[in-house]
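The values are calculated or read from the model by the stated rules, or taken from the named source; none is laboratory data. Note that the structure is predicted; figures quoted are calculated from it, not measured. Virtual Cβ from ideal backbone geometry, glycine too; neighbours counted across all protein chains shown. For accessibility, only protein heavy atoms count, side chains too; no ligands or nucleic acids. Shrake-Rupley method; radii C 1.70, N 1.55, O 1.52, S 1.80 Å.
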Amino acid sequence: MDLCQSLQSEDVAKTFRTSKQHDKNAEKIQGAMGAQHMVLNEEQVAFSDWINTNLISDKDVEHLLRLNETGSDLYEKMDDGILLCKMINLAAPETIDERVINKGQKLSIFKQHENLTLAINSAKAIGCVVVGIDSHSLNSGQGKKWLVLGLVWQLIKMYLFKQISISNVPGLVNLLRDGEELADLMKLSPEQLLLRWVNHQLEKAGSSRRIKNFHEDIKDSEVYTELIAQIAPKDAGVNKNALGKKELLDRAETMLDQAEKIKSRAFVTPKDVVRGQERLNLAFVANLFNNHPGLDPPKENIIIDI
């Protein structure tokens, strides 16, 4: 049984909040009844990069990729619904039967809407929040970028979290605290598990640092530097030189250079780290966990009640 269950609406809603620090890096879009929505440029870039990385070899979407470096064409490329259907199957394999997806470079408007409706219904079925979303509102001509980006984030998050399970990583039992049972661990959200995992690795590394969030507590890159050095394979050549850098951006860049050595440089730029961009830092840590959990196997066989 997965430790991370389908994302609940309250959990997802938390990920949609932004703060004033991002105002300068966001596009503000006027919605209905005076509502104002923000599209963060750094998220647009990071999510587009993820799509390029994970779907670039798929022949069905080769006419849509690569998305450009700024991600500005993300919304138009979503219009025919094929990319969304493919992302859903990455997040939850075999949710959509590939045979029912309308494919091709020049789909009629009708077939595009069929794909989008299929994607929305399937996203809802696997636990995404799709309130206010239909095949028309997702069309780039409507200008509702925040709806597209919000759905894309939910799917990326599901993809990253689906591997956080006892069946995939039995060593997660190492995160149990005194007096806890396996059932207690399985009640934790993926974010809570990742926080425990980071702190567990920091303790193993002999660091006195601990974190309670993925924004304020990670801005100085010290936690990341210790974490990467702890989980990296011994022959990866990872170092802690970042700790000697005084400027936070320089320190973050040096830290990310180490992440690249273990093929885990994704989602964040040095600025995203220093600004404490929560969504992207959460994704960065989840990706680190998936690539290098660094957890000892349990001493006894684990029996999981479904």
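In the range 174-207, what count of residues is obtained for those that are farther than 23 Å from residue 158 by Cα, open to solvent by less than 40 Å² (accessible area, probe 1.4 Å) and assigned to a loop (DSSP other than H, G, I, E, B)?
2
So, residue 135, is that one farther than 23 Å from residue 94 by Cβ and surrounded by 15 or more Cβ atoms within 10 Å (Cβ to Cβ) or not?
No; evaluated as a whole, the condition is false for this residue.
For (1) open to solvent by 20 Å² or more (accessible area, probe 1.4 Å); (2) closer than 26 Å to residue 276 by Cβ; (3) modelled with pLDDT under 55, each residue gets a yes or a no:
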site	(1), (2), (3)
10	yes, yes, yes
19	yes, yes, yes
24	yes, yes, yes
48	no, yes, no
61	no, no, no
64	no, no, no
72	yes, yes, no
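Could you say whether any residue in the range 208-218 is open to solvent by 30 Å² or more (accessible area, probe 1.4 Å), in a helix (DSSP H, G or I) and within 26 Å of residue 165 (Cα to Cα)?
Looking for residues that are open to solvent by 30 Å² or more (accessible area, probe 1.4 Å), in a helix (DSSP H, G or I) and within 26 Å of residue 165 (Cα to Cα), one finds at least one in the range 208-218, hence yes.
Which residues, taken from the range 219-263, are surrounded by fewer than 19 Cβ atoms within 10 Å (Cβ to Cβ) and of a type in the set (Gly, Ala, Ser)?
236, 237, 244
Would you check which residues across the range 264-291 are buried (at least 22 other Cβ atoms within 10 Å of the Cβ), β-branched (Val, Ile, Thr) and either in a loop (DSSP other than H, G, I, E, B) or modelled with pLDDT under 95 (or both) and list them?
268
Going through the range 98-113 one residue at a time, which ones are farther than 16 Å from residue 85 by Cβ and aliphatic (A, V, I, L, M)?
Within the range 98-113, 109 is the sole residue that qualifies.
Out of the residues in the range 243-301 that are touching a Ser or Thr at 6+ places or on another chain (Cβ under 8 Å) and small (Gly, Ala, Ser), which is nearest to residue 53 (Cα to Cα)?
Once the filter is applied, the top-ranked residue is 266.
I'm told residue 157 meets every condition in (1) open to solvent by 10 Å² or more (accessible area, probe 1.4 Å); (2) charged (D, E, K, R); (3) closer than 30 Å to residue 113 by Cα except one. Can you identify the failing condition by its number?
(1)
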